[in-house]
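The values are calculated or read from the model by the stated rules, or taken from the named source; none is laboratory data. What you are looking at is a predicted structure, and each value in this text was computed from that prediction instead of being measured. Glycine also receives a Cβ, built like all others from the backbone with ideal geometry; neighbour counts cover every protein chain displayed. The protein model used for the area step is the full one, side chains on, heavy atoms only, and it has no ligands, DNA or RNA in it. Shrake-Rupley method; radii C 1.70, N 1.55, O 1.52, S 1.80 Å.
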Amino acid sequence: MNNITVTSPLLPDLNEFNEMLKEIWDSKWITNNGSFHKQLEKALAKYLKVPYISLFTNGTLPLLTALQALRITGEVITTPYSFVATTHSIWWNGCRPVFVDIDPATGNIDPDKIEAAITPKTTAIMPVHVYGKPCDTKRIQEIADKYGLKVIYDAAHAFGVEVNGESVLTKGDMSTLSFHATKVYNTLEGGALIVKDEATKKRIDYLKNFGFAGETEVVAPGINSKVDEVRSAYGLLNLKQVDAAIEARHQVAIKYREALKDVLGIRFFDDMPGVKHNYSYFPIFVNAEEYGMTRDELYFKMKEQGVLGRRYFYPLISTFSTYRSLPSSTPENLPVATKMANEVICLPMHHALSDKDIQRTLNLIAK
């Protein structure tokens, strides 16, 4: 019996990819802002409806660079319900993460909790569009404006997500993306930083190339996070098929929701009004008392049968050794996040799932 994986990478056509590889080999230009790199930045900016985009070699480096570019210091308010890269980027920049609780309806940072966490040391807010579900960007911006704070969105899950026809990536001061192999759109490994003006884009491009502004001039203490031509070519090809992959995911979500809507003790998210979703994940939340089985019991039962879900996000970032001593890390401060982390399983969700795979997954949960 084959394993049903929680994700599966979107892969370009190998023949097309080989043709592009031949071009790269012929040109001998394999990195440092080559032709395919330039084409991909332009194509992604158009597809995502954003003014400026800078490509990175993974999804963590844009977070680190955004904090550097905006010169963030002191305290940064963020969510414990995310992948560790969100908080690690704050820590690596010498800042102090301050965790606030999340909204049970979305899994996103709860705007009602942000204001109470602001101190004279607070300089920024780093929310996450969890599972690609947009944060309450209007409320967050109102709070940021009131206290003079910067807003950097970790939009790792939010590729192509729009609210009323407008890209969610244009909100805040900057947004970051991940193009990891597990994401809706991937460049094997990769990421991007979305900015609003040309001057900021230029500064970001300096920072990701050691700070070089010319052959002999270094204007900032930059790092190396450039993207090579091979992954740029791969990304250009994947961009041609990402819409079809998202629609395939949408159909999986429809089937999951229909089958699980009457299962006592299983909760899931519905689509949000006015939002163009990308169906990057399908989390369910297991109420042990109603369902008759704990989340972990169901998770390991699925695993034994070759259905590989993921407890995403568990454990909370605030429970890891680096962060657990922070005053904001207590379970009492984070009751909703703690509950969701203890109940979540992300079901298999990708473009390559067959009806048989979906049914096999649902049979295990419905039983």
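Side notes on the structure shown:
- Residues (in contact (Cβ under 8 Å) with a residue 40 or more places away in the chain and open to solvent by 30 Å² or more (accessible area, probe 1.4 Å)) located in the stretch 268-278: Met272, Gly274, Lys276
- Residues satisfying the stated conditions in the stretch 329-347, i.e. in contact with a Lys or Arg (Cβ under 7 Å, 6 or more places away or on another chain) and either open to solvent by less than 40 Å² (accessible area, probe 1.4 Å) or in a loop (DSSP other than H, G, I, E, B) (or both): Glu343, Val344, Ile345, Cys346
- Qualifying residue in the stretch 123-131 (condition: hydrophobic (A, V, I, L, M, F, W, C), crowded, with 23+ Cβ neighbours inside 10 Å, closer than 22 Å to Pro62 by Cβ and without any contact (Cβ under 8 Å) to a residue 40 or more places away in the chain): no
- Residue match in the stretch 89-100 (condition: closer than 25 Å to Met349 by Cβ, buried (at least 19 other Cβ atoms within 10 Å of the Cβ) and polar (S, T, N, Q)): no
- Flag: Leu264 matches the condition of being in contact with a helix residue (DSSP H, G or I) (Cβ under 8 Å, 6 or more places away or on another chain), over 22 Å from Ser354 (Cβ atoms) and open to solvent by 50 Å² or more (accessible area, probe 1.4 Å).
- Breaking point among (1) within 29 Å of Leu353 (Cβ to Cβ); (2) touching a Phe, Trp or Tyr at 6+ places or on another chain (Cβ under 8 Å); (3) outside any loop (DSSP other than H, G, I, E, B), for Tyr81: (3)
- Within the stretch 302-318, being surrounded by fewer than 18 Cβ atoms within 10 Å (Cβ to Cβ), touching a residue at least 40 places away in the same chain (Cβ under 8 Å) and assigned to a helix (DSSP H, G or I) holds for no residue.
- Odd one out for Lys138, checked against (1) surrounded by fewer than 22 Cβ atoms within 10 Å (Cβ to Cβ); (2) touching a helix residue (DSSP H, G or I) at 6+ places or on another chain (Cβ under 8 Å): (2)
- Restricting the stretch 10-59 to residues that are among the small types (Gly, Ala, Ser) and in a helix (DSSP H, G or I) leaves a set whose member that is surrounded by the fewest Cβ atoms within 10 Å (Cβ to Cβ) is Ser27.
- Scanning the stretch 236-268 for residues that are aromatic (Phe, Trp, Tyr) and part of a helix (DSSP H, G or I) yields a single hit, Tyr256.
- For Thr78, the stated conditions hold: it is of a type in the set (Val, Ile, Thr) and buried (at least 24 other Cβ atoms within 10 Å of the Cβ).
- Scanning the stretch 177-191 for residues that are open to solvent by less than 10 Å² (accessible area, probe 1.4 Å), touching a Pro at 6+ places or on another chain (Cβ under 7 Å) and either part of a loop (DSSP other than H, G, I, E, B) or over 22 Å from Met126 (Cα atoms) (or both) turns up just one, Asn186.
- Within the stretch 201-229, considering residues that are assigned to a helix (DSSP H, G or I) and open to solvent by less than 40 Å² (accessible area, probe 1.4 Å), the one farthest from Thr65 (Cα to Cα): Glu229
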